[in-house]
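K.L.:
Below is a structure I'd like to ask you about.
What follows is calculated from the coordinates using simple rules that are stated; it is not laboratory data. These figures come from a predicted structure and were not determined experimentally. Note: ideal-geometry Cβ built from the backbone for every residue, glycine included; neighbour counts use all protein chains shown.
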Amino acid sequence: MRLDNEKESRNVEDRRGQRFSSGSLIGRGKGGILGFIIVLVGAYYGVDLSGIVGLGQEQGYSQTSSSLSHQEEGELNTFSRKVLATTERVWGNYFSQNGLRYQAPTLVLYRGVTPSACGTGQSAMGPFYCPADEKIYLDLSFYDDMRKQLKAEGDFAFAYVIAHEVGHHIQNRLGISQKTQQAQRTARSQAEANQISVSVELQADCFAGVWGYQMQRENKLEVGDIEEAFLAAEAVGDDRLQKNSRGYAIPDSFTHGSSAQRLNAFRRGLQSGNPAVCQL
Ligand SMILES: [Zn+2]
């Protein structure tokens, strides 16, 4: 991506110098009643927080020690702030065109473990959005995980992941999340509830595509960037994640959608640039 002329967003909370231990935040170890409550809160807000309490680790990324150099991390820090600024512009315009004011999310940069209104955030979960505090939680070492474990490389792939999390914020702002949470509470089966989660994820991918369309128009993309994002969308599909961790895929437990579904959703937004095509 070409972001030389982009200003950095000011909606960033840098907690990288702070140290939290997961033990002190959620009590001893995994599970337990507090852990259970965190998962319930997550279910209420439509986010999968089972990873927070160690219940859903098999779907997450087993984080290896970050090998980001000091310089790399510095670059990613600036890059993430600029990407966030581009999303503020794209969604700010869309909201004002519709007579609404866009309240941007805050990007929290942290290392390892950090508290959130949705429970304890851990880098092993990958980046996530918490609707309760309207913050995106990102450990920059995810870039390294993406590169090593998911084999998705490049700055645009990383930007796409941020744009996807912003997509969840858009859902929250537009009241879509509230409706889907309601639908999930009344779902008749786990499979049906999962199906709703999948459509929520695919819509966030589509919103990321809408952002991508604008980046394309502003000539901020470089050759190969779109392919990069496609690879990232593919790499973070549930079928890939599950195959990597368990060796097989179980469609009913998918909460993010398959790689092909994610690719399609992203492409839909990217080709039209119109959020209206991102209906659930
Ligand atoms: Zn998501």
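K.L.:
Please list 135-146, 100-111 highest first by mean number of surrounding beta-carbon atoms within 10 Å per residue.
P.N.:
135-146, 100-111
K.L.:
How big is the convex hull of the Cα atoms of region 117-212, per residue, in Å³? Display every interim value, and only then the final one.
P.N.:
Numbers: hull volume 10.5 nm³, N = 96.
For region 117-212, the hull spanned by Cα atoms encloses 109 Å³ per residue.
K.L.:
Here is a follow-up. Shape of region 70-160 from its Cα gyration tensor (a ≥ b ≥ c, root eigenvalues): rounded if a/c is under 1.5, otherwise prolate when a/b > b/c, or oblate? Present the calculation step by step, with values, prior to reporting the outcome.
P.N.:
Details: a/c = 2.24, a/b = 1.40, b/c = 1.60.
Oblate, since a/c reaches 1.5 and b/c is not below a/b.
K.L.:
If I take every Cα pair under 8 Å that is 6 or more residues apart in region 65-144, average their sequence separation and divide by the length, what percent do I get for the relative contact order?
P.N.:
With pairs under 8 Å counted, the relative contact order is 30 percent.
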